[in-house]
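Q: Handing you this structure, nothing more for now.
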Amino acid sequence: MNTMEIPRKYDRVIVYRITQDCNMRCRFCSYSCDVKRKRDSADPELIDSFSEVLGEYRRLTGKNILVSWIGGEPFLYKDIIPLSKRLHSLGICVSATTNGTLLSESIIRDICGLFSEIVISLDSFEDCNDDVRQLSGHFSMVSEKIRLLNRIRSETGSGVKIKVNTILMRRNIADFERFCQYLAELGVDEITFNRLGGYDRPEFFGENRLLYSQSEKFAAELQSIKERLAERGLVIHGSKKYMERFMTAAQDIPSPIEECSPGSYFWFINENGFISPCSYTSYEYMYDLREIKRPADIDRAEEYFREMRRSCRSKWCADCFCTQVYDKFE
Ligand SMILES: C[S@@+](CC[C@H](N)C(=O)[O-])C[C@H]1O[C@@H](n2cnc3c(N)ncnc32)[C@H](O)[C@@H]1O
Ligand code: SF4
Ligand code: SF4
């Protein structure tokens, strides 16, 4: 299915991984401080000149664009606020996905003034979250930050959306509805969820991945959970198509994608300034951000990705894990 057929809030979403550094040791993630790996960060000047082109593109086309910072931990990147200010001044919407640890009151005020949304990661209640994230007190600290965000947003009249992203795994999926009720009471607006993925930390994945029976039960119940939580003011994302992907993944059935409209709606940019249609193909379908010098170059990148997919298809497309292709956010 062409992802452009679905009406969306944004015409273009750019997820920008600004740093591979992190300050946490989550047991499921390859950016954990426990993992020895390459740790690069983005060049702020490159982001600044790209922002200018993006602002011009927005001015010419009227398109609604979201730039979403990710990491590692994006709030470790010292230029995150000045770069967000610049994008905001150019009419580009800004977001970030964060572990919440670095959200001081002053950063929260910046977020309320500049960001369209903030996504905080929390993996169910304290016993599960603090264990899998290997940080005692993380659950209660993040809960406090969400309360503070909510208070400052009301005081300042900010329209920032507060979102939580949660990982569903064997030990926490049964608590999902109760966890959503808790988030609704905290003042969270929306929740998205990932199934635990195995690519990053296979040793953790084996013992913690969702069982097929759990995925099947969850898929059957999701719509009624959504309806009950909607009454409490919480939007739960995840379409039928997203749940179908849950089920195939739980059975290790590959999901080849013929048409993902690469780069038409979604871009991933890595810390070294390479654009790709998703985070899996950063070094296969890469298009150098330094080639984007004027607004027309933005649409040219899409043609390039289409050609690359035709001529030298990535192995990832034969079993695509990319959540936006399966409408995680619908
Ligand atoms: C890589 S983190 C980067 C942002 C930030 N450090 C954080 O934790 O929110 C982005 C998202 O990926 C999720 N994630 C990390 N490893 C995962 C895995 N193995 N399976 C599913 N989601 C994962 C995290 O929970 C987080 O919501
Ligand atoms: S999930 Fe986020 S906080 Fe945890 S190790 Fe990965 S990047 Fe760091
Ligand atoms: S792996 Fe990436 S490029 Fe391939 S089908 Fe999925 S989203 Fe498209």
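Q: Take the range 265-276 and flag every residue that is assigned to a loop (DSSP other than H, G, I, E, B) and either over 21 Å from PHE321 (Cα atoms) or at pLDDT 95 or above (or both).
A: Selection gives ASN270, GLU271, ASN272, GLY273.
Q: Filter the range 26-52 for residues that are touching a helix residue (DSSP H, G or I) at 6+ places or on another chain (Cβ under 6 Å) and within 16 Å of ligand 1 (Cβ to nearest atom) and give the result.
A: ARG27, PHE28 - these are the residues of the range 26-52 that are touching a helix residue (DSSP H, G or I) at 6+ places or on another chain (Cβ under 6 Å) and within 16 Å of ligand 1 (Cβ to nearest atom).
Q: Select from the range 205-239 the residues that are farther than 16 Å from ASP175 by Cα, touching a residue at least 24 places away in the same chain (Cβ under 8 Å) and surrounded by fewer than 18 Cβ atoms within 10 Å (Cβ to Cβ) and list them in ascending order.
A: PHE205, GLU207, TYR212, ARG232, GLY233, VAL235, HIS237, SER239
Q: I'm trying to understand the selection: among the residues of the range 301-325, which are under 19 Å from ILE14 (Cβ atoms), more than 7 Å from ligand 3 (Cβ to nearest atom) and within 20 Å of the chain's Cα centre (by Cα)?
A: Matches in the range 301-325: THR323, GLN324.
Q: To continue, here is another question. Only one of ARG290, ARG306 is in a helix (DSSP H, G or I), modelled with pLDDT of 95 or more and more than 16 Å from ligand 2 (Cβ to nearest atom). Can you tell me which?
A: Checking each option against the conditions leaves just ARG290.
Q: Exactly one condition in (1) in contact (Cβ under 8 Å) with a residue 12 or more places away in the chain; (2) part of a helix (DSSP H, G or I) is false for SER261; which is it?
A: It is condition (2) that SER261 fails.
Q: Taking the condition assigned to a loop (DSSP other than H, G, I, E, B) and either over 20 Å from GLY263 (Cβ atoms) or modelled with pLDDT under 95 (or both), does LYS9 pass?
A: Criteria met by LYS9.
Q: For residues that are at negative phi and within 13 Å of ligand 3 (Cβ to nearest atom), tally how many sit in the range 262-300.
A: 19
Q: Show the residue pairs meeting these rules: Cβ distance below 6 Å; 6+ apart or different chains; first residue within the range 142-166 and closer than 24 Å to ASN194 by Cβ and at pLDDT 95 or above; second residue polar (S, T, N, Q) and surrounded by fewer than 20 Cβ atoms within 10 Å (Cβ to Cβ).
A: ASN165/THR192
Q: Looking at (1) within 16 Å of ligand 3 (Cβ to nearest atom); (2) crowded, with 18+ Cβ neighbours inside 10 Å; (3) not in a loop (DSSP other than H, G, I, E, B), which is the only condition PHE329 fails?
A: PHE329 satisfies every listed condition except (3).
Q: Check GLY91, GLY55, GLY72 and return the single one that is out of contact with any helix residue (DSSP H, G or I) (no Cβ under 7 Å at 6 or more places or on another chain), more than 16 Å from ligand 2 (Cβ to nearest atom), not hydrophobic (A, V, I, L, M, F, W, C) and not in a strand (DSSP E or B).
A: That would be GLY55, the only listed residue that is out of contact with any helix residue (DSSP H, G or I) (no Cβ under 7 Å at 6 or more places or on another chain), more than 16 Å from ligand 2 (Cβ to nearest atom), not hydrophobic (A, V, I, L, M, F, W, C) and not in a strand (DSSP E or B).
The values are calculated or read from the model by the stated rules, or taken from the named source; none is laboratory data. The structure displayed is predicted, hence computed values, not measured ones. Neighbour counts are summed over all protein chains in view; Cβ atoms, including those assigned to glycine, are modelled from backbone coordinates with ideal geometry.
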